[in-house]
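Just below is one structure, and these are the notes that go with it.
The values are calculated or read from the model by the stated rules, or taken from the named source; none is laboratory data. Model, not experiment: these values are computed from the prediction. All Cβ positions, glycine included, derive from the backbone under ideal geometry; neighbour counts span all protein chains shown. Surface areas here come from the heavy atoms of the whole protein model, side chains and all, with no ligands, DNA or RNA. Shrake-Rupley method; radii C 1.70, N 1.55, O 1.52, S 1.80 Å.
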Amino acid sequence: MGKKEENTDFVCIVCQKYVLSLHRGSYRNHCPFCLSSLHVDELIPGDRKSTCHGIMKAYCLKYSGKKGWQIVHKCMKCDQEKLNLIAEGDIQSDDWTEIVKLSQGSAQI
């Protein structure tokens with residue numbers, strides 16, 4: 001399956017909002033409204049090889065000098081953690097109110 005087929009619109013399983021695919025050349029891997037994700041990738045973003053499919057909750061931010069700010073997600077089913085770039089400058093950018101909550105330690109797992 002190619003990148004175009006994997007970067008698709010979806011309805012968020014957590015907040016039920018309609019989420020558009022990213023148009024800036026990356027994979028949409030979390031909801032821009034509630035920042036939740038599904039554990040669908042295994043090793044490489046977009047590989048869609050995970051069999052877990054648990055809900056991944058955003059719980060903090062991490063800064064990388066090379067990649068910038070990233071959301072740290074933790075799977076509620078298997079406890080695996082994944083880093084995801086903040087989606088900004090796109091047709092549906094991440095909700096900055098939710099990002100600020102993460103930066104203040106307001107997220108709850």
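Remarks
- Selection within segment 17-47: residues that are among the polar types (S, T, N, Q) and more than 15 Å from ASP95 (Cβ to Cβ). The member of this set that is modelled with the highest pLDDT is SER21.
- Flag for LYS66 being without any contact (Cβ under 8 Å) to a residue 40 or more places away in the chain and open to solvent by 40 Å² or more (accessible area, probe 1.4 Å): yes
- Of all the criteria given as (1) more than 15 Å from THR8 (Cα to Cα); (2) surrounded by fewer than 16 Cβ atoms within 10 Å (Cβ to Cβ), the one not satisfied by LEU35 is (2).
- The residues of segment 11-59 that are of a type in the set (Phe, Trp, Tyr) and touching a Leu at 6+ places or on another chain (Cβ under 9 Å) amount to a single one, TYR59.
- Of all residues in segment 85-109, those satisfying the criterion of being open to solvent by less than 40 Å² (accessible area, probe 1.4 Å), modelled with pLDDT of 90 or more and under 21 Å from ASN7 (Cβ atoms) are ILE86, GLN92, ASP94.
- With respect to the stated conditions, ASP90 is touching a residue at least 60 places away in the same chain (Cβ under 8 Å) and touching a Ser or Thr at 6+ places or on another chain (Cβ under 9 Å).
- Segment 20-33 residues that are free of Cβ contacts under 8 Å to residues at least 24 places away in the same chain, paired with ones that are among the charged types (D, E, K, R) (beta carbon under 8 Å, 6 or more apart): SER21/ASP9; SER21/ARG28; CYS31/LYS17
- Residues in segment 69-84 that are without any contact (Cβ under 8 Å) to a residue 40 or more places away in the chain and open to solvent by 20 Å² or more (accessible area, probe 1.4 Å) were compared, and the one that is farthest from VAL14 (Cα to Cα) is TRP69.
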